[in-house]
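Down below is the structure, laid out as C-alpha cells.
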Amino acid sequence: MSVSEVRIPMETQETSAAFQNILVAIDFSEPSRRALCDALVLAEENHARLSIVHVLHGSGKHAAQENLPEVERDWIAAKKRIQALVEELGPLQKIDSVFVRRGPVAEQVRSVIEEQAIDLLVIGTHGRGGLQKLALGSVAEELLRVSPCPVTTLGPMAESPAAHHGAGFHNVLFATDFGKGSRKALPLALALARAGHAKLTLLHMMPMPTTSTALSAYVPAAEAASEFEQWEATSRKRAVQELKDCLPAETGLEQEPRYVVGTDFLAEGILTASITYGIDLIVMGANHAKSARMAAHTP
C-alpha cells in the first residue's frame, strides 16, 4: 500500500494525472531512499523530468558569513552522496537536476518547487506510533502545508510502487472531511483513478459524539443505545449522500465509485479502510494552518 496526501492550490481548476516535473526531497535516510526509488518509477511512467533536492542544516541567510571552505565542503560532500545513491540504484537512472540548499527544509524545498515549476513533490516519511499512525513527522507535515504542488508521501509500512513497476494504482482511496482542502484534492484523486482505470473509494470518518444528549442522560441504557443507533444511521445516510454529491455528474471513471462512512478515529479508520479494500493509494487534502511549522510540531 502506498500512502499519499495531497494539497492542491486554490487556483487549480483542473488536474491532470500526468506529471511533467517531479521533485524528490532526500535526507539519505531509508525512507528518502525508498522515495527516490518511487520517484524514478513515477518519472519514467509519466515521461517526466526528475530532480533531487537535499537541504543542509544551518541558516541559508548566514551562509556567506560562515567559513566558506567548510560550506563548500558540505555542498560537495552532499553532491557526492547523492551521486553515489543514484548509482547504487542502477547505472541507467536518469536524474535531470540536483539541488543542494541550506536553510529551513520546508522553505528551501518550496523555493525549488517554485523556481523549477515542479508539479509533484515526493517525500519519504518516518511515521509515528499509536493514534498517529498516519502522521508523517514534523518536516513532512510542514511540507504538506506549504507546498504549492501535490505531495506524494511514502510511509515506512507502505509497499513501494517500484515493486509493481508499470502496474499503476488499482484501488484509490479519497479520504474527505468535506473541507476546502478535500475539495481541492478531489480532482487529483479522480485523475489518478481515471489514469489507472482504478476503483475509487470515497471515505468519510464521522466524529464520534463527545457527550451524551440530555435525553440519554436520564433514560435507561437500552434506550440510550437505541438513540445512538438512530443518530449513527441518520448521520451515516447523510454522509453517504454528501460523498455522492462531491462527484461531478460525469466522472470519467470506468468503475462505479464505492462510498464508505465510518465512526473510528480518523487515522485508524483510514488505515482500516485501506486494508479492507486493498487500497494502493490514499489521496487526502491538507488544510492550511496559520503557522505550518507550529502545526507540524503540535501533537
>> Being part of a strand (DSSP E or B), touching a His at 6+ places or on another chain (Cβ under 6 Å) and either modelled with pLDDT of 90 or more or surrounded by 13 or more Cβ atoms within 10 Å (Cβ to Cβ) (or both) narrows it down to one residue among 100, 55; which is it?
In response: 100
>> What pairs come out if I take residues in segment 98-117 that are at positive phi and pair them with residues that are assigned to a helix (DSSP H, G or I) and of a type in the set (Gly, Ala, Ser) whose C-beta lies under 9 Å away, six or more apart or interchain?
In response: 103/60; 103/63; 103/111
> Could you list, in sequence order, the residues of segment 204-235 that are at pLDDT 70 or above and surrounded by 15 or more Cβ atoms within 10 Å (Cβ to Cβ)?
Replying inline: 204, 205, 206, 227, 228, 232, 235
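The values are calculated or read from the model by the stated rules, or taken from the named source; none is laboratory data. Everything numeric in this text was worked out from a predicted model, so none of it was measured. Counting neighbours? That spans all protein chains shown, and the Cβs are built from the backbone with ideal geometry, glycine included.
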